[in-house]
Amino acid sequence: MTRSAHGEPAAADDAASRIASWQRRAGRHGLPWQHTRDPYRVWLSEIMLQQTQAATVVPYYERFLSLFPTVADLADAPQDAVLRAWAGLGYYARARNLHRCAQVLRDEHAGRFPGTAAELARLPGIGPSTAAAIAAFAYGERAPILDGNVRRVLARYFAVEGDPTAARTAQRLWEHARALIAAAPASLDMAAYTQGQMDLGATVCTRTRPDCARCPLAPDCRARIEGRQDELPTPRARRAQPLRHCWMLIAECEGRVLLERRPDTGVWGGLWTLPQFEDEAALEAVRAGLGEAGPPLALASIEHVFTHFRLRIQPLWLRVRDAAPAPADANQAWIFIGDLAAHGMPAPVARLLDGLYDGAPLLR
Ligand code: SF4
């Protein structure tokens, strides 16, 4: 077998072993979820790492584990406590699914994780790539992963054209991911290989300026050979993100603030937020129902970016002079300012109230 200047075999037939040995030599080793075969810890880290960078995940992961050390603790916890521990990580459907999955494991699997990627993928919130990562790390199963980072690496290595999130392109990438494992020897260290792909995508084959000189795939990477690293993967057609506007009412009375709990599905599902209005008439109706109050004070507007739109929030601060009226909605409650931190809130709302009341941080 020929050898490249990198000292790695130059043939494409064992790229998986090259990635595994590169990971052992030069990959990341200090992340708190590494070096465990506990499927609970692996699962938790994999869910948190979806759409979130490792450095951001570390403190959340450690706090989550201290609050819910086992899958049974997580299953038995109130949803509010789970959302509270998640607040600030975004994409809250992940937290709701995490909680639901723990309950399914408790109720239908005697509190144990199933032992194969195929069975894991039937659980709430666990897609095929996450299931494969859990099975590879916890059980050494020869299951391929295809998260965002790996899509980028494979699209470059094999010069796969097309939006990597489009079904047809994704299917081709899955085929390549399966073929890499099939071509590797039975002795392939699946934990190192799986971690290696993630590390390559996060630290070497980055979105801009991939560092091909450090890459174990460089000798036969088609994008590098053809000088097409900047073209691959094919960029997604960008749609303009619409800007939406709303008001949020910070109604304060006798040291309490009116909050409302969102329905379990949809944006910020299950979290506590401020009453939100898209039109002035609805806002006025609620203000009128709050009784005697001073004029609302408009605070600086804030903008929050969701996946498909941006939301410009105009906060209005209103001090209610009468005794706090009963909330008009069963999902609303007057919460003492000192107790706000015990309620899971979306990051922009927590920051807003943090700035206003300068108390215990609402966003940890
Ligand atoms: S050689 Fe360069 S472009 Fe190819 S996989 Fe490695 S870092 Fe990415």
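The values are calculated or read from the model by the stated rules, or taken from the named source; none is laboratory data. For clarity, every value in this text was computed on a predicted model and none was experimentally measured. Every residue, glycine among them, receives a Cβ derived from its backbone with ideal geometry; neighbour counts consider all protein chains shown. Quick note on the areas: whole protein, heavy atoms, side chains included, nothing else; ligands and nucleic acids left out. Shrake-Rupley method; radii C 1.70, N 1.55, O 1.52, S 1.80 Å.
Before moving on, here are some points about what is shown:
- Counting DSSP beta bridges with both ends in the range 243-357, the antiparallel % (nearest 5): 65 percent
- Counting only alpha carbon atoms, the long axis of helix 93-108 and the longest principal axis of the chain meet at about 80°.
- Peptides 236-243, 157-164 ranked from most to least packed by the mean count of surrounding Cβ atoms within 10 Å: 157-164, 236-243.
- Using the 1.4 Å probe convention, the accessible area of the range 243-357 works out to 48 Å² per residue with neighbouring protein chains retained.
- Long-range HN-HN contacts of Val257 with modeled amide H, under 5 Å: Ile335, Phe336, Ile337
- Rounded to the nearest 0.05, the FRET efficiency derived from the C-beta distance between Gln314 and Gln34 at R0 = 41 Å is 0.40.
- Accessible-area composition of the chain, carbon plus sulfur, in percent [1.4 Å probe]: 52 percent
- For the chain, the fraction of alpha-carbon pairs lying more than 32 Å apart is 44 percent, rounded to a whole number.
- In the chain, the longest principal axis of the Cα atoms and the axis of helix 54-67 are about 60 degrees apart.
- Start at zero, step by 10 Å, and the Cα-Cα distances of the range 53-149 spread as 16, 44, 37, 3 percent across the bins.
- Accessible area per residue for the range 13-225, computed on protein heavy atoms with a 1.4 Å probe, is 42 Å².
- Extension gain, Asp107 to Thr70, is 11.9 nm, computed as 0.36 nm per intervening residue step minus the present C-alpha separation.
- Estimated Rh, the range 251-349: Kirkwood, alpha-carbon pairs, angstrom: 14.4 Å
- Relative to the dominant Cα principal axis of the chain, helix 190-199 is inclined by about 60°.
- Computed over the alpha-carbon atoms, the range 13-225 gives an Rg to Rh ratio of 0.97, Rh here being the Kirkwood radius from the mean inverse distance.
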